[in-house]
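Report on the structure given below.
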Amino acid sequence: MNLSNIKLHNSFQSKNVIKVITGIQNTNIYQIAQIAKAASLANASYLDVSANTKVVRFLKSFSSLPLCISSIDPIDIYNCILAGADLIEVGNYDTFYDKGIYITSDQLIELVKEIKYLVGDVDLCVTIPYHFNLNEQIRLAQFLEYLGVNILQTEGLFTNNLPKKLSELTNSLSSSLLSTYFVSKYVNIPVITSSGMTSMFASTAINFGASGIGLGSAIKNNCNIIDITNYINEVKSCMFTNNVNLCQDENYFFMQNIQEQMLVV
């Protein structure tokens, strides 16, 4: 696996990537600026933003972090690459799911081919849809690797608001982590775990084969640059320790949930 940005390439090799997500539909410049500045202060790996050329140009005017745009629209992607975006992510299918639309493997493969035709060798991440069974996820991941995709991301069914109950959190994280665990064993490109990821489970993602995690919903609860910076730093400190002093009973419950699901795969 080779990425154009050397620093980002090394982060993936070291399996310590933190992708900070400002929101695929978020064009609030003030909020995006706060998150971007906090991500820089915390030395996050890169930013994941809306495929909006105004947002891309704005961030490029002051942020040195690699910039990933998320979209399923090839034209928006092409225009954002021209505006200065460094990476592409095909994913964030929430708008489809909200309408009861579920993309197929064939549709996703054709979409990836079209995007690669438009933008050439720009680094590309693709999210594996959570609604595929694990065998289909693995087959798709292997074919995407064959097509030249650089990074894969796993997801779970997760709403825009943080879940109020632990059971809702584990349903999302269990799905994403199970996918990470199995997909990472069958491909030679890095996998990012996303969908409801928090500091509490950062080390779990790494132990399950992830090269990094995506942070989005968790940081939106923080209201200013200092709080967001501190939270990202907290995640970094948790990624490589199993002794996180955060809700140990809940962490145990979560791991029991994961183990039970693995037994039925």
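The table for this structure:
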{"read-out": "Approximate spin-label separation Asp121-Gln25, in nm, with each point projected 7 Å along Cα-to-Cβ", "value": "3.7 nm"}
{"read-out": "Charge sum, other residues only, whose C-beta stays under 10 Å from Leu47's C-beta, Lys/Arg counted +1 and Asp/Glu -1", "value": "-1"}
{"read-out": "Rg/Rh ratio calculated on Cα atoms of segment 1-106 (Kirkwood radius)", "value": "0.98"}
{"read-out": "Sum of side-chain charges, Leu111 neighbourhood, beta-carbon under 14 Å (Lys, Arg +1; Asp, Glu -1)", "value": "-4"}
{"read-out": "Loop sites in segment 77-146: trypsin sites (Lys or Arg not before Pro), DSSP, at most 10 other Cβ within 10 Å", "value": "Lys99"}
{"read-out": "Total formal charge among the other residues, if their Cβ is under 12 angstrom from that of Val17, Lys/Arg +1 and Asp/Glu -1", "value": "+3"}
{"read-out": "Mean Cβ count within 10 Å, highest first, over the residues of peptides 52-58, 65-71", "value": "65-71, 52-58"}
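Read-outs throughout are calculated quantities, based only on the coordinates presented, and are distinct from any laboratory measurement. The structure displayed is predicted, hence computed values, not measured ones. Reconstructed Cβ throughout: ideal geometry from the backbone, glycine too, with neighbour counts over all protein chains shown.
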